[in-house]
Amino acid sequence: MPSLHVGIMSGTSLDGIDIAVASLDSDHRSAELLGAICLPLPPELKTQLLDLCQPGTDEVRRAAAAGQAWARLAAEGVATLLMRCNLQAADILTIGSHGQTIRHHPELGFSLQIGAPALLAELTGITVITDFRSRDVAAGGQGAPLVPAFHDWLLSDPNATRVLVNIGGFANLTILQPGLSVTGFDSGPGNVLMDAWCALHTGRAFDAGGAWASRGRPIPPLLASMLADPYFSKTGPKSTGREYFNQAWLKARLQGFPFQPEAVDVQATLLELTAQTIAAAANEHNVAGGDLFICGGGARNDYLMLRLQQLLSDASVRSTEALGVDPDWMEAMAFAWLASRCISGRPGNLPAVTGARGPRVLGAIYQA
């Protein structure tokens with residue numbers, strides 16, 4: 001029987017808090033999006049969250065304060081969304097809140113998200129489920145990516161190969177092949193480096209449609225130095241984040257360059273990095289001729305979509321809209337689904353994707 005769940009996602013791109021309410025039916029493997037909203041992060045909160053991604057002073061107090069501010073904003077968004085959908089808090093079984101990742105170090109045994117879930121439950125009057133990654137990490141997994149389990153549940157086709165590519169701050173692939181185990185991993189940077197470079201040189205938060213990058217020319221030696229990073233040659237399970245791919249990583253590759261490259265050409269190179277690493281990951285798993293479906297902010301980058309199609313000429317590259325799923329809300333819906341799995345005591349991870357020792361029920365529950 002269907003039940004209603006809210007999913008809240010705030011990704012590494014830090015472009016806002018995505019909130020979706022979905023009707024989920026486990027018996028029929030169906031998910032209906034009833035409504036969604038994106039709340040832009042106030043500049044001060046965005047700065048605080050970015051600063052927490054790197055070592056600094058007074059981190060515990062700053063993380064607690066930022067987490068509370070995040071929860072208050074999310075609670076306002078939930079209230080607004082429910083009102084728009086003519087729903088009451090009592091209609092919602094759970095909120096699945098990803099929170100905001102500030103450190104992801106599975107090699108050290110932790111992945112840390114903040115978001116004051118107790119406060120969120122108090123403000124909304126709805127049971128909140130959060131901290132989805134920790135149990136998978138405790139079981140020896142990467143704690144990421146988690147969305148492939150939702151992709152498999154909702155979008156697998158027994159007769160066709162499908163590759164789902166979520167392009168947010170980072171890019172991750174879900175490879176669904178008939179008769180084979182699901183494969184999924186982070187291929188590398190998605191929008192994170194492009195957004196940072198665009199903000200630095202244009203003052204815009206992101207390169208809308210990839211228009212700026214399309215006017216530049218990729219710089220072959222710079223691209224080669226980026227692609228030489230050992231992360232790209234690692235086999236899965238693997239995941240990454242701002243701890244690794246950040247402005248310092250880019251600066252290190254620009255230092256000592258024989259000439260000062262044009263900013264627009266660096267942007268074109270960063271887009272090419274994202275496109276080539278996604279294409280290489282798809283080719284590595286022999287999905288030529290399959291269909292690629294893109295979700296996340298990258299699906300709105302026309303030039304990136306064009307480059308992916310050019311690099312994967314034997315495949316069809318489309319938005320997940322072709323499957324009936326709005327690319328902007330895929331991740332928020334996934335965390336609504338993960339919450340539904342937790343509250344019913346069912347596993348939410350795929351060990352073949354994360355590397356965990358086995359299936360685990362994911363999440364910590366904060367009762368309404």
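Could you line up 366, 303, 231 from fewest to most neighbouring Cβ atoms inside 10 Å?
Values: 366 21, 303 18, 231 15.
Ascending number of Cβ neighbours within 10 Å: 231, 303, 366.
What net charge is computed for the residues neighbouring residue 40, neighbours being all others with C-beta under 10 Å from the C-beta of residue 40, Lys and Arg scored +1, Asp and Glu -1?
The answer is 0.
Tell me the label-point distance for the pair residue 85, residue 224, using the 7 Å Cα-to-Cβ offset, in nm and rounded to one decimal.
Spacing of the two 7 Å Cα→Cβ label points: 5.2 nm.
So if a site counts as exposed when it's one of the trypsin sites (Lys or Arg not before Pro), its DSSP state isn't H, G, I, E or B, and it has at most 14 other Cβ atoms within 10 Å, what's the longest stretch of the chain without one?
Longest site-free region, per DSSP loop and neighbour criteria: 30-203.
How many angstrom lie between the C-alpha centres of region 183-242 and region 317-365?
25 Å
Which net charge results when you count Lys and Arg as +1 and Asp and Glu as -1 among the other residues whose beta-carbon is under 13 Å from that of residue 20?
Values: positive: 84; negative: 18, 32, 326, 328, 331.
Summing Lys/Arg as +1 and Asp/Glu as -1 gives -4.
Using a 10 Å cut-off on Cβ atoms, rank the peptides 35-45, 2-12 from the highest mean neighbour count down.
2-12, 35-45
Mean separation of Cα pairs under 8 Å and 6+ residues apart, divided by the residue count of region 105-237: what relative contact order is that in percent?
14 percent
Under the Karplus relation 6.51 cos²θ - 1.76 cosθ + 1.60, θ = phi - 60°, what is the ordered set of whole-Hz ³J(HN,Hα) values for region 296-305, x standing for Gly and Pro?
x, x, x, 5, 9, 8, 4, 6, 5, 4
Let me have the relative contact order for region 148-323, percent, based on Cα pairs under 8 Å that are six or more residues apart.
Values: 291 pairs, mean separation 49.1, N = 176.
The value is 28 percent.
Each residue of region 314-322 in order: what ³J(HN,Hα) in whole Hz does its phi give by Karplus 6.51 cos²θ - 1.76 cosθ + 1.60, θ = phi - 60°, with x for Gly and Pro?
7, 10, 9, 10, 9, 6, 5, 4, 5
Mind checking which lysines have their C-alpha under 25 Å from residue 46, skipping anything on the same chain fewer than 8 residues away?
Reachable lysines: 251.
Evaluate 2.2 N^0.38 Å with N set to the residue count of the chain, then give the Cα radius of gyration divided by it.
Against the empirical 2.2 N^0.38 Å value, I get 0.95 for the chain.
Using modelled amide H (1.01 Å from N, peptide plane; none on Pro or chain starts), what sits under 5 Å from the amide H of residue 190, excluding residues fewer than 5 places away?
It is 170, 171, by chain and number.
Taking the beta-carbon count within 10 Å as an exposure proxy, list 277, 57, 174, 202 from fewest neighbours to most.
In increasing order of surrounding Cβ atoms, one gets 57, 202, 277, 174.
Let me know the charge dipole size of the chain about its Cα centre in debye, to the nearest 20, where only the beta-carbon of Lys, Arg (+1) and Asp, Glu (-1) is charged.
520 debye
Starting from the amide H of residue 328, placed 1.01 Å from N in the peptide plane, find each other amide H under 5 Å away whose residue is 5 or more places distant or on another chain.
Close amide H contacts, sequence-distant or interchain: 296.
Could you derive backbone 3J(HN,Hα) for region 207-214 from the dihedral phi with the Karplus parameters 6.51, -1.76 and 1.60 (θ = phi - 60°), listing whole Hz in sequence and x where the residue is Gly or Pro?
With the stated coefficients, region 207-214 comes to 8, 4, x, x, 4, 5, 4, 5 Hz.
Take the alpha carbon atoms of region 131-167, find their center, do the same for region 67-102, and report the distance between the two centers in whole angstrom.
Using only Cα atoms to place each centre, the spacing works out to 23 Å.
I need 28, 151 ordered by Cβ neighbour count within 10 Å, fewest first.
Fewest to most other Cβ atoms nearby, the residues stand as 28, 151.
Taking H placed 1.01 Å from N in the peptide plane, check which residues at least 5 places from residue 103 or on another chain put their amide H under 5 Å from its amide H.
Amide H to amide H, under 5 Å and 5 or more residues apart or across chains, residue 103 pairs with 112.
No value in this document is a laboratory result; all are computed from the given coordinates. Fair warning: this is a prediction, and the values are worked out from it, not measured in the lab. Reconstructed Cβ throughout: ideal geometry from the backbone, glycine too, with neighbour counts over all protein chains shown.
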